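Below is one structure, written out as structure tokens; the observations come after it.
What follows is calculated from the coordinates using simple rules that are stated; it is not laboratory data. Bear in mind that the values here come from a model prediction, so they are computed numbers and not experimental data. Because the Cβ atoms are built from the backbone with ideal geometry, glycine has one as well, and the counts that use them run over all protein chains shown.
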Amino acid sequence: MPSGSKPYVIVTRKLPDPIETRMRELFETDLNVDDREMSQDELIAAVKKADVLVPTVTDRISSKVLSQAGENLRLIANFGTGVDNIDVETAMQRGITVTNTPGVLTEDTADMTMALILAVPRRLAEGTREMRAGHFQGWSPTWMLGHRIYGKRLGIIGMGRIGQAIARRAKAFGLQIHYHNRQKVHPQTEAELEATYWESLDQMLARMDIVSVNCPHTPGTFHLLSARRLKLLQPHAYIVNTARGEVIDENALTRMLEAGEIAGAGLDVFEHEPAVNPKLLANERVTLLPHMGSATIEGRIDMGEKVIINIKTFADGHKPPDRVLPAML
Ligand code: 8YV
């Protein structure tokens, strides 16, 4: 891709109209207007001919796909913050730059997490189901009782941008903020949030009322909440996951929910998306959402604009702002 020329950009999924329009103006584009998911063979064909590939969480850009990439492929501009769909190490070894879209979906994802933190203990989804089933016979002092969240302990796993945005909201709802992270956050942030740092995830899990998963999925966090760790949770604890399904051993979680060993779960992400364990679907203690944490029109346009800026900067011969660096993996 000679500096200044229009790069040939292949986008794997349908993006919001204003983003596709702007991409058409700036780049040679191959857009997926039908939004049909591309097969591995189609992805291989794409990396053979594109200068830039724009994948999403639903495209597995594996070492096998990358091994077929043409000389032209210099940039993978992911439409999304998590890059666990891409074998970033192999891409880097082949001299391919990878970018993502951090920051612009922080507040939306934090809102959705807070919604689940409220919805699960207060049985929101169940209440709607009861209404639709015609079960509402009038108010009763003992019907549909949930649990208060005010004053409870929230343990956040992963205190990056999203974790901190959740902590700000949760503090306003009267929750006590606890967190586990690779590093302690800045003392000023910790003071503002009145947050308690737990170096030991095990110790934190054993003491929380609600646990929220907000770390990326990396080889180091795969099944971070293993069967052994999940067992540390108290029977009244709730777990919420808006990060990646792979961080929790979903089978172990399902077994514990069925056995009543934890009180409930709010899940926006699943280990084998789009497949969802039927036992989770059947369980009243679980509120399920179809990976919609960042699903706002505003957020998706902001994500698209980030992708455009990353491609344009790269095509103009500069370092794109949202490069994924080895330290982030
Ligand atoms: C995105 C997400 O919608 O950005 C992420 O990491 O999980 C989602 O909110 C998705 O990744 C788009 O590719």
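Working only within the range 52-83, note down all residues that are within 18 Å of Thr218 (Cα to Cα), more than 8 Å from the ligand (Cβ to nearest atom) and not β-branched (Val, Ile, Thr).
Scanning the range 52-83 gives Asp59, Arg60, Ser62, Ser63.
Considering only the range 293-305, I want to know if a residue exists there that is within 12 Å of the ligand (Cβ to nearest atom), surrounded by fewer than 23 Cβ atoms within 10 Å (Cβ to Cβ) and among the charged types (D, E, K, R).
Yes, some residue in the range 293-305 is within 12 Å of the ligand (Cβ to nearest atom), surrounded by fewer than 23 Cβ atoms within 10 Å (Cβ to Cβ) and among the charged types (D, E, K, R).
Applying the selection to the range 259-275, what residues are within 16 Å of the ligand (Cβ to nearest atom) and either of a type in the set (A, V, I, L, M) or surrounded by fewer than 20 Cβ atoms within 10 Å (Cβ to Cβ) (or both)?
Leu267, Val269, His272, Glu273, Pro274
Give just the number: which of (1) surrounded by fewer than 19 Cβ atoms within 10 Å (Cβ to Cβ); (2) away from the ligand (no atom under 11 Å from the Cβ); (3) within 25 Å of Asp17 (Cβ to Cβ) does Leu288 not satisfy?
Only one criterion in (1) surrounded by fewer than 19 Cβ atoms within 10 Å (Cβ to Cβ); (2) away from the ligand (no atom under 11 Å from the Cβ); (3) within 25 Å of Asp17 (Cβ to Cβ) is unmet by Leu288, namely (3).
List, please: which pairs have Cβ atoms under 6 Å, are six or more places apart or on different chains, and start with a residue in the range 280-309 that is under 15 Å from Arg123 (Cα atoms) and end with one that is within 16 Å of the ligand (Cβ to nearest atom) and not aromatic (Phe, Trp, Tyr)?
What qualifies is Thr287/Gly266; Leu288/Leu267; Leu289/Asp268.
Among the residues of the range 317-328, which ones are within 14 Å of the ligand (Cβ to nearest atom), part of a loop (DSSP other than H, G, I, E, B) and farther than 19 Å from Asp108 by Cβ?
Correct list: Val324 only.
Return yes when Ile156 is touching a helix residue (DSSP H, G or I) at 6+ places or on another chain (Cβ under 6 Å), within 26 Å of Gly220 (Cα to Cα) and without any contact (Cβ under 8 Å) to a residue 40 or more places away in the chain and no when it is not.
No: the conditions fail for Ile156.
Output the residues belonging to the range 120-171 that are more than 23 Å from Met204 (Cβ to Cβ), among the small types (Gly, Ala, Ser) and outside any loop (DSSP other than H, G, I, E, B).
Once the filter is applied, which keeps residues that are more than 23 Å from Met204 (Cβ to Cβ), among the small types (Gly, Ala, Ser) and outside any loop (DSSP other than H, G, I, E, B), the range 120-171 yields Ala125, Gly127.
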